[in-house]
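Working notes, beginning with the structure itself.
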Amino acid sequence: MKVPFLDLSAAYRELKDGLDGAYQRVSETSWYIQGSEVTEFEKEFSRYCGVGHCIGAGNGLDALHLIVRALGIGPGDEVLVPSNTFIATWLAVTHAGAMPVAVEPDALTHNMDPARIEAAITPRTKAIMPVHLYGQAADMDPILAIAQAHGLKVIEDAAQAHGARYRGRRVGTFGCASAFSFYPGKNLGALGDAGCVVTDDAALAKAIRELGNYGSAQKYHHDTLGFNTRLDELQAAFLRVKLAACDEWNARRQAIAAHYLTRLAGANLILPKVLDEAEPVWHVFVVRVQQRDAVVKMLAEKGVATLIHYPIPPSRSGAYAHLGLSDGALPIAETLCGEVLSLPMGPHLSLEAADHVCDALLAALEVHA
């Protein structure tokens, strides 16, 4: 049996009529930038999240960057970020001229550890940027309490967590603003790059919208030094179709995750821990294994495709070599990067295929025990 990591072609086939209709609708209007599809998607996604405002952006990194800029965070300021995340979280801070300061994760949830936050706060700290990594909510209650005690903003990186909940509320509704990515492989994915910001702060929403549109609220009137990062009209039309399926597809992912957790319980690996307060949507299902390369090779021989999220922490990437963070400076993130393995996951993965993944993984673990 061949098990792909994620089957995007099956996603298209299921929604083919709607997606093809969206393409035709936009093509027939010949309105490709900032049209009614973007307007309607922003309304629909803000309702989905339970917030007052949604502002489309070109991608998730741009969405995060716009938030940081709109909050006035820049040179001389610091933003606390997870040491274990995709590099876009760090880049959003750096591109605004501020300094990302790494906070280590909880080794079981892989999300920012609230117990380590206060030690990283300095007089220059302006915000905390938790990531809802792998589709599991960060532990928001203590993060919000720390932020309030120190007068800090909370910016949520929800790029991997469309529909996830914490204490019954959708993620993206806890901080002053949140960024989502609609990269094609995400739980809510476009057919190209796309992203957005959601917020309940009307003034912040206005500032973000202007920044992403050349610093302009009215055509040819440019009041700030802005950027060109807008949600594409065609991608918005596709996203409207896929948003209607998002909760059902998340439920399918949850069923696969439950199957993995049952089948792999007691095996020689570390399974993801789910907070009691959290309802994850399993953007990816990440386990920790020893001798990962050998295990990956055996899985590939059995037709099972896997990925690694992420093999290099931002602190060890060339982009941040100037920070001088030596080997061992962030030991939890570095350990995770050497052990994490993402198993096939998606709304079109069958239980039969998931069983094949588990059989192959258990056999590989037995060989390399």
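The values are calculated or read from the model by the stated rules, or taken from the named source; none is laboratory data. It should be emphasised that the depicted structure is a prediction, and the values quoted were computed from it without experimental measurement. Backbone-built Cβ (ideal geometry, glycine too); neighbour counts: all protein chains shown. The area values use the complete protein model at the heavy-atom level, side chains included, leaving out ligands, DNA and RNA. Shrake-Rupley method; radii C 1.70, N 1.55, O 1.52, S 1.80 Å.
Observations on the structure shown:
- Coarse-grained scattering of region 1-158 at q = 0.12, 0.17, 0.20 Å⁻¹, given as base-10 log I(q)/I(0) from a Debye sum over alpha-carbon atoms: -0.67, -1.05, -1.24
- 18 Å cut-off, amide nitrogen to a point 7 angstrom out along A115 Cα→Cβ, residues in region 310-345: 330-336
- Gain upon complete extension [A294, D359; 0.36 nm per residue less C-alpha separation]: 21.8 nm
- Gained length - A149 relative to Y220, 0.36 nm times residue gap less alpha-carbon distance: 21.3 nm
- Alpha-carbon spread of region 74-136, three principal axes, descending order, Å: 34, 23, 12
- Straightening the chain between I312 and R263 buys 14.7 nm, computed as 0.36 nm per residue apart minus the Cα-Cα spacing.
- Sorted largest first, the spans of the alpha carbon positions of region 156-305 along the three principal axes are 61, 35, 29 Å.
- Accessible heavy-atom area order of K2, K206, highest first, probe of 1.4 Å: K2, K206
- The amide H of F5, built 1.01 Å from its N in the peptide plane, has A305 as neighbours under 5 Å, considering only residues 5 or more places off or on other chains.
- Over region 180-227: Kirkwood hydrodynamic radius from C-alpha pairwise inverse distances, Å: 12.0
- Within straight-line reach of K16, meaning a Cα separation under 16 Å, sit the following aspartates and glutamates at least 8 residues removed in sequence or on another chain: D7.
- Dividing the summed -39500 (n - 2.57) terms of all DSSP H runs of n ≥ 4 by the residue count of the chain sets its mean residue ellipticity at 222 nm at -12500 deg cm²/dmol.
- Convex hull of Cα atoms in the chain, direction-averaged projection (nm²): 18.4
- Geometric descriptor of region 226-369, per residue, is 186 Å³ (volume of the convex hull of the Cα atoms).
- Taking the 1.4 Å solvent-accessible surface of the chain as the whole, the part contributed by carbon and sulfur is 54%.
- One compactness figure for region 67-190 is 0.97, namely its Cα radius of gyration divided by 2.2 N^0.38 Å.
- Accessible area of region 235-369 divided out per residue, in Å², using a probe of 1.4 angstrom: 43
- Where chymotrypsin sites (Phe, Trp or Tyr not before Pro) fall in DSSP loop in region 25-79, at most 16 other Cβ within 10 Å: W31, Y32
- Beta bridges from DSSP with both residues in the chain: antiparallel share about 60 percent, rounded to the nearest 5.
- Residues E42, E334, sorted by accessible area with the largest first, give E334, E42 [1.4 Å probe; ligands and nucleic acids excluded].
- Heavy atoms of C49: accessible area, 1.4 Å probe, square angstrom to 10: 10
- What the Cβ-Cβ distance of D276 and E28 gives, at R0 = 51 Å and to the nearest 0.05, is a FRET efficiency of 0.55.
- Pairs from the list K219/K242; K126/K219; K43/K219; K2/K242; K126/K242 with a Cα-Cα gap above 24 Å: K219/K242; K126/K219; K2/K242; K126/K242.
- Taking only the alpha carbons of region 101-168, we obtain Rg and Dmax values of 11.6, 35 Å in that order.
- Residues S216, S30, ordered by accessible area of protein heavy atoms at a 1.4 angstrom probe radius and largest first, appear as S30, S216.
- Region 169-255: Cα Rg divided by the 2.2 N^0.38 Å rule of thumb: 1.26
- Region 1-48: C-alpha pair distances exceeding 18 Å, %: 52
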